[in-house]
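Colleague: Have a look at this one.
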Amino acid sequence: MITYIKATVSDAALLTELSRAIYKEHYLHLWHPGGAAWYMDEYAYAGHKIKNDLIDPGIEYLFAVEKDVYLGYMKLVLNATLPGYESIDALEVERIYLYKKFTGKGLGKEFMQLAMAKAKELNRDIIFLKAMDSSQEAIEFYKGLGYEICGSMQLPMPAFSLMKEKYRAMVIMKREVD
């Protein structure tokens, strides 16, 4: 049985390790040499950044756990702003990470249902997320859950200069909270 556990500050090292391990399984192909290390070690998963996230009451991480095995996690920004919809209360699903061997088993859908429940609890009007425009499988998954593309963006330069150019474009997808 899979349980979903809210991460706490004491989980910072575990979350950092989990983030890096899952990222390596899925995303190393996005980068020129040195880019993935920069992204993992300095930009996204530096220990102090994860710890600051876990201290922030506006950010929530949920682990998916089965028999003491961590399958992945979801990161939510509880009071986010969607460009172009600044007057609307929003929740952002910033990240869903699952080990490859646990993908395709319904965990992503369960995470998205938990995000919807959290958005309802917080009286948010919409949920939004960003997905790489090259990740058609992910985009179709979100469309199947009722999300629609409402915008696009490019990852900023020069910060993402070590990322291969064809992967820097993102779509922004949203859904009304029901």
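Values quoted throughout were computed directly from the atomic coordinates according to the rules given, and no laboratory measurement underlies them. Predicted, not measured: the structure shown is a model, and the values here were computed from it. As a convention, Cβ positions derive from the backbone with ideal geometry for all residues, glycine included, and neighbour counts pool all protein chains shown.
Colleague: Restricting to the stretch 127-178, count the residues that are assigned to a strand (DSSP E or B), crowded, with 16+ Cβ neighbours inside 10 Å and either without any contact (Cβ under 8 Å) to a residue 12 or more places away in the chain or out of contact with any Ser or Thr (no Cβ under 8 Å at 6 or more places or on another chain) (or both).
Modeller: 11
Colleague: Restricting the stretch 78-105 to residues that are out of contact with any helix residue (DSSP H, G or I) (no Cβ under 7 Å at 6 or more places or on another chain) and basic (Lys, Arg), which is surrounded by the most Cβ atoms within 10 Å (Cβ to Cβ)?
Modeller: Step by step, filter the stretch 78-105, then rank; the result is 95.
Colleague: Here is a follow-up. Tell me which residues, restricted to the stretch 1-10, are surrounded by 13 or more Cβ atoms within 10 Å (Cβ to Cβ) and closer than 17 Å to residue 95 by Cα.
Modeller: Hits for the stretch 1-10 are 4, 5, 7.
Colleague: Go through the stretch 62-77 and report how many residues are out of contact with any helix residue (DSSP H, G or I) (no Cβ under 7 Å at 6 or more places or on another chain) and either part of a strand (DSSP E or B) or not basic (Lys, Arg) (or both).
Modeller: Total meeting the criteria: 7.
Colleague: Does residue 93 qualify as being within 22 Å of residue 132 (Cβ to Cβ) and in contact (Cβ under 8 Å) with a residue 12 or more places away in the chain? So that I can check it myself, show each step before the final result.
Modeller: Details: within 22 Å of residue 132 (Cβ to Cβ): yes; in contact (Cβ under 8 Å) with a residue 12 or more places away in the chain: yes.
In short, yes.
Colleague: Being farther than 29 Å from residue 153 by Cα, among the acidic types (Asp, Glu) and loosely packed, with under 13 Cβ neighbours inside 10 Å is true for just one of 42, 66. Which residue is that?
Modeller: After applying the criteria, what remains is 66.
Colleague: Here are some conditions: (1) outside any helix (DSSP H, G or I); (2) within 15 Å of the chain's Cα centre (by Cα); (3) over 21 Å from residue 12 (Cβ atoms). Residue 87 meets all but one. Which one does it not meet?
Modeller: (2)
Colleague: Residues of the stretch 11-39 being of a type in the set (D, E, K, R) and surrounded by 12 or more Cβ atoms within 10 Å (Cβ to Cβ), which ones? It would help to see each step written out before you state the result.
Modeller: Start the filter on the stretch 11-39 by keeping residues that are of a type in the set (D, E, K, R), which leaves 11, 17, 20, 24-25.
Result: 11, 17, 20, 25.
Colleague: Please tell me if residue 28 is of a type in the set (A, V, I, L, M, F, W, C), without any contact (Cβ under 8 Å) to a residue 12 or more places away in the chain and part of a helix (DSSP H, G or I).
Modeller: So residue 28 passes the test.
Colleague: Quick check on the stretch 142-165. Is at least one of its residues of a type in the set (D, E, K, R), within 18 Å of the chain's Cα centre (by Cα) and within 19 Å of residue 22 (Cβ to Cβ)? Walk me through it before giving the result.
Modeller: Here is the first cut: in the stretch 142-165, the ones of a type in the set (D, E, K, R) are 143, 148, 164-165.
Now narrow it down to the ones that are within 18 Å of the chain's Cα centre (by Cα): 143, 148.
So of that shortlist, the ones also within 19 Å of residue 22 (Cβ to Cβ) come out as none.
No: zero hits.
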